[in-house]
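This is the structure I have questions about; it appears just below.
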Amino acid sequence: MSSNFQANRRPGGGGGARALFPLATGRLPPELADNARILADYAAALRDIADHPALEPERKQERLQALAAAIRGESTSGGIDDGLRAAHNLRHLLDSRGFDFQDPWQMLQAASLDISKSSYPDWSDLLAWCRYWAAPMGRMVYRLAGGGDPGLARAESFAIGAEVLFLVEHAPAHHRWLGRVYLPARWFREAGCEPEVLGAAGASPELRQVFGRAVGEARRLIDAAAGIETCLPTRRHRVAAATARAEALAWAGALERGDLIAGVSGPGFVVRVGIGMAGMLGGMRS
């Protein structure tokens with residue numbers, strides 16, 4: 001189970017979406033792929049507001065309140081923009097499936113926090129934010145895929161792990177363009193550096209230690225999601241879920257090997273073939 005739901009976060013504002021897990025996304029059943037795009041649009045709308053470089057905080061909060069009204073099903077004055085349309089579409093989707101609206105509400109809260117909070121003291125603080133931003137996305141995609149309660153915690157764990165990988169990869173851009181540092185301040189201190197090293201020309205040994213610690217936490221979360229494919233209803237769903245886990249682990253490896261300041265390349269052909277085979281085998285065994 002995967003989607004491009006976390007891909008629509010361009011540091012510095014803007015929504016340009018790309019699939020974080022393209023191989024898994026390509027294996028989704030068409031209906032789930034369409035539903036995942038609805039969720040992706042909603043996530044993009046929230047990020048476009050929270051990460052907008054020119055909007056004042058008060059104006060950002062007003063726009064988030066407008067999306068909250070759309071989630072509640074209230075009519076809006078002044079026309080419908082892309083963000084409001086995304087919120088209305090998500091509401092209709094969840095309502096049609098009999099889901100409550102706790103998950104989009106929690107994502108709204110996480111986006112609101114990003115407007116006023118620019119750093120996180122410790123891992124527990126970042127994890128709390130991820131439980132409001134990433135875990136709801138994992139739950140919604142998993143439930144839309146037909147997954148039941150037994151695998152719900154694993155869906156949350158996978159989504160949070162993937163989010164941490166995203167925050168690692170984009171840490172320099174978040175610092176440069178948004179003045180925001182998600183990685184825990186304590187980790188920088190314990191490594192003997194300050195978050196300002198994210199603005200350097202290359203990754204120092206101290207910064208690599210911080211990145212490695214974050215990737216390690218992400219790996220543990222992704223490992224905790226092992227077996228999620230067994231909780232999904234069809235072989236196609238299961239293959240997509242196993243492929244997403246294989247892609248996430250390959251992504252973690254690339255982050256560990258690369259220089260995140262200079263940028264990390266995507267997986268090459270051989271790695272993509274290996275991911276595809278791991279996904280097929282994992283989905284077929286379940």
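Any read-out appearing in this document is the output of simple, stated calculations on the displayed coordinates, not a laboratory observation. Given the structure is predicted, the values throughout are model-derived calculations rather than measurements. Here Cβ is always computed from backbone atoms with ideal geometry, including for glycine, and neighbour counts include all displayed protein chains.
Could you give the distance between the Cα centres of the range 182-214 and the range 67-106, to the whole Å?
38
Please report the base-10 log of the normalised intensity I(q)/I(0) for the range 22-285, using a Debye sum with one equal scatterer per alpha carbon and no solvent, at each q in 0.07, 0.09, 0.10, 0.14 (1/Å).
The Cα Debye sum returns log10 ratios of -0.26, -0.43, -0.53, -1.04.
Okay, next question. Name the long-range amide H neighbours of Ser119: under 5 Å, sequence gap of 5 or more, or other chain; modelled H, no Pro or chain starts.
Val181
A further question on this structure: How do the peptides 82-89, 68-75 rank, highest first, by the average count of neighbouring beta carbon atoms within 10 Å per residue?
The densest-packed peptide leads the list: 82-89, 68-75.
Check Leu20: other-chain or 5+ apart residues with amide H under 5 Å from its amide H, H built from backbone geometry?
Amide H to amide H, under 5 Å and 5 or more residues apart or across chains, Leu20 pairs with Gln6, Ala7.
Follow-up question, since we're still on this one. Can you list the HN-Hα couplings for the range 207-220, worked out from phi with the Karplus curve (6.51, -1.76, 1.60; θ = phi - 60°), rounded to whole Hz and with x for Gly and Pro?
Whole-Hz 3J(HN,Hα) from phi for the range 207-220: 5, 4, 5, 5, 4, x, 5, 5, 5, x, 5, 4, 4, 5.
Calculate one ³J(HN,Hα) per residue across the range 53-63 by plugging θ = phi - 60° into the Karplus curve 6.51 cos²θ - 1.76 cosθ + 1.60, and present them in order as whole Hz with x for glycine and proline.
x, 10, 7, 6, x, 5, 5, 4, 5, 4, 5
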